[in-house]
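The values are calculated or read from the model by the stated rules, or taken from the named source; none is laboratory data. Because the structure is a prediction, the values reported are computed rather than measured. Cβ atoms come from the backbone with ideal geometry, glycine included; neighbour counts cover every protein chain shown.
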Amino acid sequence: MTSPHSDNAPIVVGVDDTEAAMRAVRWASLTAKKHRVPLHLVHASGFNDPYLIGFTVPPPEAFKEELQERKRQALRTAEEIATEVGAPSVEARFETDAAIPFLLHASHTARMVVVGSSGRTGLAGLMVGSTTLALVSHARSPVVSVRQDYPDAVADDARPIVVGVDGSELSVRAVGHAFAEASSRGVDLIAVHTWSDTTTTLLEERRMFENWEPIHDYEAQVLAERLAGWQEEYPDVRVERKVVKDRPRHELLEHSRSAQLVVVGSRGRGGFRGMLLGSTSQALIHHASCPVMVVRPEKHQGRS
């Protein structure tokens, strides 16, 4: 097993003037401090393309200047937060490119991309916006979603990291990132493995004829195999294993109530070929009670 990322790869944060973005900045600043890696604060305004900010013709220059100054002030506020937290090597950049393509490009060399989401630009009923959904579907690096309704991150958070583990290769990468986060924070790791994530009438009937205990033993072995190499690489991390017959989204959402971060692959073994985001990861970024890290396939491996 090797580290799932470059040792000095930066943490990139998308910044705007929302409360959610500032919560994301604080979370990312604390994480950069714990990992001892650079922090890049980026505001990508989209001024190169007026269609991206709702205009069919270019807006007046005075309006653009006023809006740019407001955005630059948000970037200065983010830099103040990062400095107060003590993040090392903070770099703040104002870009005129649109946010989604710029952050997707930045994800190629980032340790992770962190975004705040208030749902302000999302569809009714959604907790996250279009930028977050685009990044967790297409980014090269892991993406962390920090919603506006989460409490502020704190330096001495002792709550565990939770990782969803299945039999897929992508979940092994998620496990690696979860171990790295738990190690940097000095907290426990809870590895959650579920099976029978679809309840059907046929399965209900088979319960009467089959002993489920051997299935539990098999699934426990699957979990042990997925953790073994990473436990050797991170011997300082204490791991609690959870093997449960349940829907993965239900178990992970429940564990998110007492966790500081949930880590999952963008899609698991139940995903369909060509799908960019699985139902479990979608449910978590919309409804989890803590920040969520979605781990993407390496170099988009497995996409059709």
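Points to keep in mind about this one:
- Pair list, Cβ < 6 Å and 6+ apart or interchain, from segment 80-95 residues that are assigned by TED's automatic domain parsing to the domain that holds residue 23 and closer than 18 Å to residue 9 by Cα to residues that are surrounded by 13 or more Cβ atoms within 10 Å (Cβ to Cβ) and among the small types (Gly, Ala, Ser): 82/29; 87/29; 87/32; 90/82
- Applying the criterion of being hydrophobic (A, V, I, L, M, F, W, C) and part of a helix (DSSP H, G or I) to the residues of segment 128-148, the residue that is surrounded by the most Cβ atoms within 10 Å (Cβ to Cβ) is 136.
- Checking segment 206-221 against the condition returns no match, with no residue being β-branched (Val, Ile, Thr), at pLDDT 85 or above and not assigned by TED's automatic domain parsing to the domain that holds residue 35.
- Of all residues in segment 217-264, those satisfying the criterion of being in contact with a strand residue (DSSP E or B) (Cβ under 8 Å, 6 or more places away or on another chain) and in a loop (DSSP other than H, G, I, E, B) are 237, 238, 246, 247, 259, 260.
- A Cβ distance below 8 Å, combined with a sequence gap of six or more or placement on separate chains, defines the contacts here; from segment 238-251, residues that are farther than 15 Å from residue 262 by Cβ and without any contact (Cβ under 8 Å) to a residue 60 or more places away in the chain reach residues that are in a helix (DSSP H, G or I) and among the hydrophobic types (A, V, I, L, M, F, W, C) in the pairs 239/227; 241/220; 241/223; 241/224; 241/227; 243/220; 243/223; 245/215.
- Test for residue 80: is it surrounded by fewer than 18 Cβ atoms within 10 Å (Cβ to Cβ) and either aliphatic (A, V, I, L, M) or at pLDDT 95 or above (or both): yes
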